[in-house]
Amino acid sequence: MDRLKQKFYEKSSALKTEVRSLLKEHGALKVDEVNLKQVFGGMRGVKSMIWETSELDAHEGIRFRGYNIPQLREKLPKRKDGKEPLPEGLFWLMLVDEIPTQEDVDWLTDEWEKRSKLPEQTIKVLDALDAKTHPMTQFVIAIASLNSESVFVQRYAEGMNKNDYWDATYEDAMNLLARLPIIAAYIYRKTYKGGEHIPQDNSLDWAGNFAHMLGIDNPDFKSLMRLYLTIHADHEGGNASAHTAHLVNSTLSDPFLSYSAAMDSLAGPLHGLANQEVIKWINRMTDKLGTDKPTKDQIAQYVQDTLDSGQVIPGYGHAVLRQPDPRFTAQRVFAEEYIKDDATVQVVWDLFEVVPDILGSLGKVKNPWPNVDAHSGAILVHYGLTDYTYYTVLFGVSRALGIMSSLCWSRALGLPLERPKSTNTAWVKSFLEKNT
Ligand code: HAX
């Protein structure tokens, strides 16, 4: 058993025993109540799922195993020549709840490199798709195609003992993470660079190698990718993509199919696709005004026009957060250090000064502050990644770190098939007649 798997096995078997006994003793204890608004309103805030790897507080933002983003930037191992944390370290932390050593992280980089060869079928599938196919559609299809090599599928067919589900899930999770940057870079080069692919550079780390395969070898862009892939990695279990993977995997559909489904969910404009929508919307404004340095009055008018035409302001609002997203702030800190004179970055900062008051004045928006997607595009544009229809794929590479470590936990704890109760309006009316 490899060093990470061994550690995971020890930690997860101990927690499994603990959970069994606490459920036996306290299983009937109420942990939440649900009102009618929540039933109709997308189950906001209903405690109904176990997700070990991160927790989201409405005011503090995300904590990964208790660490916030500034703490991760300080504590996770970095490359000798880099200032940003290595995402490998975050995966280790989320999976086994320990800050890894430099040696642990180096081991993980090597392990993913060893597992990184794509099945021929995946390349064929990608080549068969028209280059005009949206990159998220290509991503979903390519990930699903990996399932032909799923260890989980193979062992299940051979009659795997349910106590071993976590082991096969771990193998698939590690293989998926090893291959995702290669798939994502293949899609990028195929879609926007005429299919001129760039081989891996095995002297690099997971994120640095991804930047290299995209064809952007600027060392600052590599730093950005390390930060980007760290901060987008997890947002507890209730967000749409994580929840999708949790649901699909609970049927014992393998991690590849579960993650492909999660990416369908991430591809919606109210979720991960918002990162492409933000930059598209900013470009539309600057094109319309004929300047890349609009005044705050011009920005305010554009925001108002967007709202008047019945559209949302992309990159603003959140189902849980009630403060500016710390992932927005982390990107702002990066931009202040590396590219503070960039015109698009300046527009993003001006929007931050203009949008919250306008959204707040509507009286219905619960969180008028920017989310993670408000900032990411402007930095990517600066480094030459202007093809915004690609942005959600970057998010998707990162989110696998959180979702894959969580699926290992779900199978190790033996969580059952997810099956909440639905009802209908007739039931609600009769409930109200009896109870009001
Ligand atoms: N612009 C305009 N109106 C907004 C808004 C925004 N940015 N955010 C919320 N509202 C509106 C809602 O549409 C809703 O209007 P109706 O009552 O007329 O339907 C009302 O305000 C109340 O919504 P809410 O309770 O504040 O927000 P929700 O929890 O329902 O929705 C969303 C959260 C993120 C979907 C929402 O804020 C939104 O649409 N934002 C813009 C899209 C976006 O940036 N999505 C990315 C979110 C982060 C993420 O998942 N990244 O991957």
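Nothing in this text is a laboratory measurement; each read-out follows from the coordinates by a stated rule. Model, not experiment: these values are computed from the prediction. Every residue, glycine among them, receives a Cβ derived from its backbone with ideal geometry; neighbour counts consider all protein chains shown.
Per-structure values
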{"quantity": "Mean shadow area of the stretch 72-190 over all directions, Cα convex hull, nm²", "calculated": "9.2 nm²"}
{"quantity": "At least 24 Å along the helix axis (C-alpha) and Kyte average at least -1.0, DSSP helices within the chain", "calculated": "165-192, 343-361, 391-412"}
{"quantity": "Modelled label reach - Ser430, point 7 Å along Cα→Cβ, the stretch 41-78 residues with backbone N closer than 18 Å", "calculated": "none"}
{"quantity": "Within straight-line cross-link reach of Lys293, aspartates and glutamates at Cα separation under 20 Å, skipping those fewer than 8 residues along the same chain", "calculated": "Glu277, Asp305, Glu336, Asp341, Asp342, Asp350, Glu353"}
{"quantity": "Lys114-Gln346 FRET efficiency (beta carbon distance; Förster radius 25 Å; 0.05 resolution)", "calculated": "0.05"}
{"quantity": "Placed amide H near Ser54: partners under 5 Å, 5+ positions off or other chain", "calculated": "Arg65, Glu236"}
{"quantity": "Extension gain (nm, one decimal) between Thr295 and Glu336, 0.36 nm per residue minus Cα-Cα", "calculated": "12.7 nm"}
{"quantity": "Residues of the stretch 370-399 with amide N under 15 Å of a point placed 7 Å along Cα→Cβ from Thr137", "calculated": "389-390"}
{"quantity": "Estimated FRET transfer efficiency (Gln121, Leu252; beta-carbon r; R0 22 Å; 0.05)", "calculated": "0.50"}
{"quantity": "Cα-projected label distance for Leu36 with Glu103, points at 7 Å along beta-carbon direction, nm", "calculated": "6.2 nm"}
{"quantity": "Using θ = phi - 60° and Karplus 6.51 cos²θ - 1.76 cosθ + 1.60, couplings along the stretch 150-155 (whole Hz; Gly, Pro as x)", "calculated": "5, 5, 4, 4, 5, 5"}
{"quantity": "Mean Cβ neighbour count within 10 Å, used as a protection proxy, ranking 29-36, 181-188 highest first", "calculated": "181-188, 29-36"}
{"quantity": "Whole-Å semi-axes of the ellipsoid equivalent to the chain (Cα gyration tensor, √5λ, descending)", "calculated": "33, 30, 21"}
{"quantity": "Theoretical FRET efficiency, 1/(1+(r/R0)^6), r = Cβ-Cβ of Leu362 and Leu22, R0 51 Å, to 0.05", "calculated": "0.70"}
{"quantity": "Nearby aspartates and glutamates by direct alpha-carbon distance to Lys16 (threshold 16 angstrom, same-chain neighbours under 8 apart not counted)", "calculated": "Glu25, Glu52, Asp97, Asp164, Asp167"}
{"quantity": "Simple spin-label estimate for Lys83 and Ser422 in nanometres, 7 Å along Cα-Cβ", "calculated": "5.0 nm"}
